[in-house]
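J.: Let me give you the structure first, and then I'll get to my questions.
Readers should treat all values here as calculations from the given coordinates under stated rules, not as data from a laboratory. Nothing here was measured: the structure is a model prediction, and the numbers come from that model. We place every Cβ from the backbone using ideal geometry, glycine too, and count neighbours over all the protein chains shown.
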Amino acid sequence: MSKKPDITIFGSGAWGTALAIAWARQGARVDLWGHPPSLVTALATTRRHPSLADVEIPQGVRPILDPEDGFRAGLWVTALPTQVNPKVWADLASRTTSRPELLVSVSKGILQGSFKRVSESLEGILGVPVGVFSGPTFADEVSRAQPSAIVLALPAAIPDDRAEELQALLATPALRVYLSRDVAGVELCGAFKNVLAIAAGLVESLGLGNNARAALITRGLAEMSRLVEALG
């Protein structure tokens, strides 16, 4: 049997793979599960992701076809597309009685229909603490070790000393990790900022100028603050 992974990432898209690359470079053993199986097989054989073709996947990353192989890790990370998280995790949870110390969501957005946060939904499905890893980061830049910053928001169930250990585990020389206890706030801002980014792009494409863009961003941030406070 292979060594127990430190981290298992469920979701082999560009973001999940970029994080696997970054963490494996620091010596972590990372299992990476995803779909379709043909992609996972290609990751294992070519050591390249089609969206990150210039970056080699380190040997510390083990692409896996069977998610049960990754259940041994103490830290699980969900990098699945936001809307499929509840369905996929309900299926995964039914396959094993194993549960991680912590599940960390790097999926951004609000669930359609229920309007729940991803962490809120998965906590109910798995019955374990769920944290959030979110920030202004692009997968290709993280995979190429360009300087980036991100927030790790952890629930109160994770003690302070363990939170600091997890912060150190997930940080790299190029990825600065800030610690927060505001899981809801960090997760909501990760979703809302995408709306603001689209609006800023529209202002740019319409040629409305820097003043309009600055006003949009300033007032958008104020509205985000009010929404986060209202939603808890």
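J.: Sequence neighbours fewer than 8 away in the same chain don't count; with that in mind, list the lysines whose C-alpha is under 26 Å from residue 193.
T.: Counting by Cα, and skipping residues close in sequence, residue 193 has these lysines nearby: 87, 108, 116.
J.: Let me ask something else about it. Could you give me the ³J(HN,Hα) list for region 101-110, computed from phi with Karplus coefficients 6.51, -1.76, 1.60 and θ = phi - 60°, whole Hz, x at Gly and Pro?
T.: For region 101-110, the Karplus-derived couplings read 4, 7, 10, 10, 9, 10, 7, 9, x, 10 Hz, x marking Gly and Pro.
J.: If r is the Cβ-Cβ distance from residue 223 to residue 149 and R0 is 25 Å, what FRET efficiency results, to the nearest 0.05?
T.: 0.60
J.: Where does the charge balance sit around residue 82 when Lys and Arg score +1, Asp and Glu -1, over other residues with C-beta under 12 Å from its C-beta?
T.: Net charge around residue 82: +3.
J.: Right, something else. What net charge do the residues around residue 114 carry, taking every other residue with its C-beta under 15 Å from that of residue 114, with Lys and Arg at +1 and Asp and Glu at -1?
T.: 0
J.: If you don't mind, another one. Taking amide H positions as placed in the peptide plane 1.01 Å from N, state which residues far from residue 179 in sequence (5 or more) or on other chains have amide H under 5 Å from it.
T.: HN-HN under 5 Å from residue 179: 152.
J.: Whose amide H sits under 5 Å from the amide H of residue 105, counting only residues 5 or more places off or on another chain, with H placed in the peptide plane?
T.: It is 78, 131, 132, 133, by chain and number.
J.: Moving on. Multiply the residue gap between residue 48 and residue 116 by 0.36 nm, knock off their C-alpha separation, and tell me the result in nm, one decimal place.
T.: Contour length minus Cα-Cα distance gives 21.1 nm.
J.: What FRET efficiency comes out for the pair residue 205/residue 141, r = Cβ-Cβ distance, R0 = 30 Å, nearest 0.05?
T.: Using R0 = 30 Å, I get an efficiency of 0.85.
J.: Name the residues whose placed amide hydrogens come within less than 5 Å of the amide hydrogen of residue 62, ignoring near sequence neighbours (fewer than 5 apart) on the same chain.
T.: It is 30, 31, 32, by chain and number.
J.: Label region 129-232 by shape, choosing from rounded, prolate and oblate, from the square roots a ≥ b ≥ c of the eigenvalues of the Cα gyration tensor; if a/c is under 1.5 it is rounded, and otherwise prolate applies when a/b is larger than b/c, oblate when it is not.
T.: Oblate.
J.: From the square roots a ≥ b ≥ c of the eigenvalues of the alpha-carbon gyration tensor of the chain, which class results: rounded (a/c under 1.5), prolate (a/b over b/c), or oblate?
T.: prolate
J.: Another question, if that's okay. Need one word for region 1-92: rounded, prolate or oblate. Basis is the Cα gyration tensor (sqrt eigenvalues a ≥ b ≥ c); a/c below 1.5 gives rounded, then a/b vs b/c decides.
T.: oblate
J.: Okay, next question. Report, in degrees rounded to the nearest 10, the 0 to 90 angle that the Cα long axis of helix 37-46 makes with the longest principal axis of the chain.
T.: 80
J.: Let me ask another. What relative contact order, as a whole-number percentage, does the chain give when Cα pairs under 8 Å and 6 or more residues apart are counted?
T.: Relative contact order of the chain: 16 percent.
J.: Over what distance in Å are the Cα centres of region 92-144 and region 157-232 separated?
T.: A separation of 17 Å, based on Cα centres.
J.: Kindly express, to the nearest 10 degrees and within the range 0 to 90, the angle between helix 160-170's C-alpha long axis and the longest C-alpha principal axis of the chain.
T.: 80
J.: Per-residue HN-Hα couplings for region 143-151, Karplus 6.51 cos²θ - 1.76 cosθ + 1.60 at θ = phi - 60°, whole Hz, x for Gly and Pro?
T.: 5, 8, 6, 7, x, 8, 9, 8, 10
J.: Pull out the extension gain between residue 94 and residue 178, defined as 0.36 nm times the separation in residues minus the alpha carbon to alpha carbon distance; nm, one decimal.
T.: Residue separation times 0.36 nm, minus the Cα-Cα distance, leaves 26.9 nm.
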